[in-house]
């Protein structure tokens, strides 16, 4: 990925993973959704979703994502879909909500099969805070969770905590954010990444 690339030409992979819990050491990915974008265009027809069979399952996590152990019995292990996931993301900039969590679990999963995952990433919650603070288009509250952003952008919040649905919600939010950034003269991928690097927002502020 060329960092100085114009935003309209940049390739993004909007990613969401469902996991058995937030403990990076003990928990695992059980579902992955990927929605590719080229600049401001959402390539919905090229979207990807798979369940992933974990080595252990935490029943309490079913309250969040609704994926039960029986559903995962015939799902592939991560090792079986790792190459496909890697190929679909390629060298794209990964986009997500509280995306550092998704990236950490992807790094762990790829490492378990002897593969690296070093893609740069963009968090729509941090972009939203920057837009509110710097551009003042609307009052920005401290609540940057995905449900709040879905409501703020007038999207339908049905099917939340489904990896592909959440990735698509995030792609729609990011699409509008990109148009705002372009409107205000933020035209390069390098500038967007510098905004994220300078942010002091913690991922724990907007996990859900």
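What span do the alpha-carbon atoms of the stretch 11-202 cover on each of the three principal axes, reported in whole Å from largest to smallest?
That works out to 48, 33, 32 Å along the principal axes.
Would you please put 47-57, 5-15 in order of how densely packed they are, using the mean number of other Cβ atoms within 10 angstrom per residue and starting with the highest?
Result, highest mean first: 5-15, 47-57.
Can you give the FRET efficiency for residue 26 and residue 46, using 1/(1 + (r/R0)^6), R0 = 30 Å, r = Cβ-Cβ distance, to the nearest 0.05?
On the way: r = 33 Å, r/R0 = 1.11.
Once the sixth-power term is evaluated, E becomes 0.35.
By how many nm would the segment from residue 73 to residue 87 lengthen if fully extended, with 0.36 nm per residue of separation less the alpha-carbon distance?
Numbers: separation 14, 0.36 × 14 = 5.04 nm, distance 2.49 nm.
So the extension gain works out to 2.6 nm.
Need the full-extension length gain, residue 147 to residue 184, defined as separation in residues times 0.36 nm minus the C-alpha distance. One decimal, nm. Write out the running numbers ahead of the final one.
Details: separation 37, 0.36 × 37 = 13.32 nm, distance 2.58 nm.
Contour length minus the Cα-Cα distance gives 10.7 nm.
Any read-out appearing in this document is the output of simple, stated calculations on the displayed coordinates, not a laboratory observation. Everything quoted here is computed from the prediction, not taken from an experiment. Quick reminder, even Gly has a Cβ in these numbers, built from the backbone with ideal geometry, and neighbours come from all protein chains shown.
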